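The next block holds one structure in the form of C-alpha cells; read it before the comments.
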Amino acid sequence: MRKISTVPILILSAVTLVITCNCANKNTQNSSTKNYTDSISQYRDTIVGKFNGTDIDTLICEPIGDMIDNDFFGKFYTEWRVYTVKGTVEELKIGNTFGINFVEEGDLDGNKTEEWGYIPRWNSSLTVYELFTVVDGRWELMVEPILIWRDLLETSFSESDIAQPSDKNGFIKIKKSYTVGEECCWVFKDTITPISPRDYTYKLVEW
C-alpha cells in the first residue's frame, strides 16, 4: 500500500492556524480600539499650542452636566469645560452653547502666549466671537465679545479671520459687524482694538 505523506497536511494546518490567530488578534485590536471612545467623544475638540507661553500643551473642551432634552431644539449639552492635559492653565467653564469648536489664533499680541476663540453655537444669526488669552495662569477674555453677523462668515470671511495681529503695540485687529442703512444691512469693518483682558463670566440659561 502506498503511504500518503503527512507533511503537506501539517503545513496546511499550520498555515490555517496562523491565519486564524491573526484574524483573532485583529478582532481583538479592533475591539480594544473601540474602548478608547466614550459617550461624549463626539463632542470634544482639541488644539495644541504654547498657551502659557513656554510649555506645549493640549487644550480640550468637553461637555459637563446632564444632556438637555428640549421639545424644540432636541437633545444637547449647554455646559462645557476647557482644560489642558498638563495643567498649564486653569480649567475654564463655559455655558450657553450647543458646542465649542476651537479657532486656533496663535500669538496675537506678541507676548508668546497663544490665544484661541470660539463662536457660541445657537440657532441665531446674530452672535459673538469670544477670544481668550492667558493672564496669570488662567483664561480671560482678551477683548470684549466681538459682535458677529453669522451670515457674513459664509459669504465674506471665515472664523480664523475675525482676529488678527496689529502693527500697533497693545492692540489687535478685529472684524466687527455693523448695520448700515435703513434696511439694517449687516457689513463688517476692520477695527484696531485695544487689548483689555477681563474675567469671563460663567452664565447658564435654565431650560
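Quick notes on this structure:
- Using only alpha-carbon positions in segment 68-207, the gyration tensor eigenvalues give semi-axes of 24, 24, 11 Å once each is multiplied by 5 and square-rooted (largest first).
- Selection from Thr46, Gly110, Thr88 lying farthest towards where the dipole of segment 27-147 points positive, charges on Cβ: Thr46
- Its relative contact order, with pairs defined as Cα atoms under 8 Å and 6+ residues apart, puts segment 75-150 at 23 percent.
- A crude spin-label estimate for the pair Ser39 and Asp136, with each label 7 Å from Cα along the Cβ direction, gives 3.8 nm.
- Rounded to the nearest 20 debye, dipole of segment 45-185 from Cβ charges on Lys, Arg, Asp, Glu: 140
- Two-site label geometry, Asp55 and Ser156: point separation in nm, points 7 Å out along Cα→Cβ: 4.1
- Mean Cβ neighbour count within 10 Å, used as a protection proxy, ranking 192-202, 103-113 highest first: 103-113, 192-202
Quick note: the coordinates plus some simple rules give every number you see, no bench work behind them. Quantities reported herein were computed from a predicted structural model and do not represent experimental measurements. Neighbour counts run over all protein chains shown; Cβ positions are idealised from the backbone, glycine included.
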